[in-house]
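Comments concern the structure below.
The values are calculated or read from the model by the stated rules, or taken from the named source; none is laboratory data. Owing to the predicted nature of the structure, the values given are computational and were not obtained by experimental measurement. FYI the Cβ positions are ideal-geometry reconstructions off the backbone, even for glycines, and counts take in every protein chain you see. When the accessible area is computed, the model is the full protein with side chains, heavy atoms only, and any ligands, DNA or RNA have been set aside. Shrake-Rupley method; radii C 1.70, N 1.55, O 1.52, S 1.80 Å.
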Amino acid sequence: MRALLRQLRPAILITIVFTVICGLAYPLLSTAIGQAAFHDKANGSLIKRNGVVVGSELIGQTFTAPQYFHSRPSAAGTGYDASASSGSNLGPTNPDLLSAVKDRADAYRRDNGLAADAMVPVDAVTASASGLDPDISIANARLQVNRVASQRGLDVAVVEQLVKKFTDGRQLLVLGEPGVNVVELNIALDDVSS
């Protein structure tokens, strides 16, 4: 029994020590560094207008009105639901996915006044892996410029400049593809149009 107590005591002590270090000290230190060095990013990169949070630079929103750039389809819940973040998990030969892509491509062509056989950017008809992606491809944005400019009564060049302004480059100059943040772009369009 004495040998058991001799071994149990350090085990309990080490459990308490590592619980304090890993469960309290490390999270508090990480939070403090994040708040001090990256306050905006640590709090969700929120977008505010007149003191009211209207979105986040990191999470997309569903835009379907013709005067807005349309976001990438989302498989997260009913659309851009962060509590249900995920892809559709449908394989490339799944009949449901193929049907959804065909329907989305037809709707995209119709909404943007494109020919029935016009190529449609893949991000306009498929959801991202997280279902929360706020960006669309530059090609997708360019195909929507004329519709948005016409609906808002703006010059096409003004809308193209806004697309360019909200285009993010590759991360670390080599990772990923450039993309256009739809949430920020649509908020800027509302500011220009009002």
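Brief remarks on what is shown
- Length gained when the stretch Asn146-Ala3 is fully extended (0.36 nm per residue, less Cα-Cα span): 43.4 nm
- Cα-based Rg / Dmax (Å) for the chain: 23.5, 86
- Cross-link reach is defined here as a Cα-Cα straight distance under 16 Å, omitting same-chain residues fewer than 8 places apart; for Lys165 none of the lysines meet it.
- Span from the the stretch 126-167 Cα centroid across to the the stretch 67-112 one, whole angstrom: 17 Å
- Gyration tensor verdict on the stretch 1-63 (Cα atoms; rounded if a/c is under 1.5, prolate if a/b is larger than b/c, oblate otherwise): prolate
- Under the span-like rule (Cα at least 27 Å along the axis, Kyte-Doolittle mean at least -1.0), DSSP H helices of the chain: 2-20
- Per-bin percent of Cα-Cα distances, the stretch 144-193 [10 Å]: 26, 49, 18, 6
- By the rule of a C-alpha distance below 19 Å, with chain neighbours fewer than 8 residues away ignored, the aspartates and glutamates paired with Lys102 are Asp111, Asp117, Asp123.
- Relative contact order (percent, whole number), the chain, Cα cutoff 8 Å, 6+ residue spacing: 20 percent
- Cα-based convex hull volume of the stretch 107-194 per residue, rounded to whole Å³: 109 Å³
- Using θ = phi - 60° and Karplus 6.51 cos²θ - 1.76 cosθ + 1.60, couplings along the stretch 88-94 (whole Hz; Gly, Pro as x): 7, 6, 9, x, x, 10, 5
- Fully extended contour minus Cα-Cα distance, from Ile14 to Ala65, at 0.36 nm per residue: 12.5 nm
- Spatially proximal aspartates and glutamates relative to Lys48 (Cα-Cα < 13 Å; intrachain offsets below 8 disregarded): Asp40, Glu57, Glu184, Asp191
- Per-atom-type breakdown for the stretch 8-92 gives carbon and sulfur 66% of the accessible area (1.4 Å probe, protein chains only).
- Counting Lys and Arg as +1 and Asp and Glu as -1 over every other residue whose Cβ lies under 14 Å from the Cβ of Gly179, the net charge comes to -2.
- GNM flexibility winner over the chain from Gly131, Gly23, Gly176 (Cα, springs under 10 Å): Gly23
- Ligands, DNA and RNA are left out, and with a 1.4 angstrom probe the accessible area of the stretch 59-194 is 55 Å² per residue.
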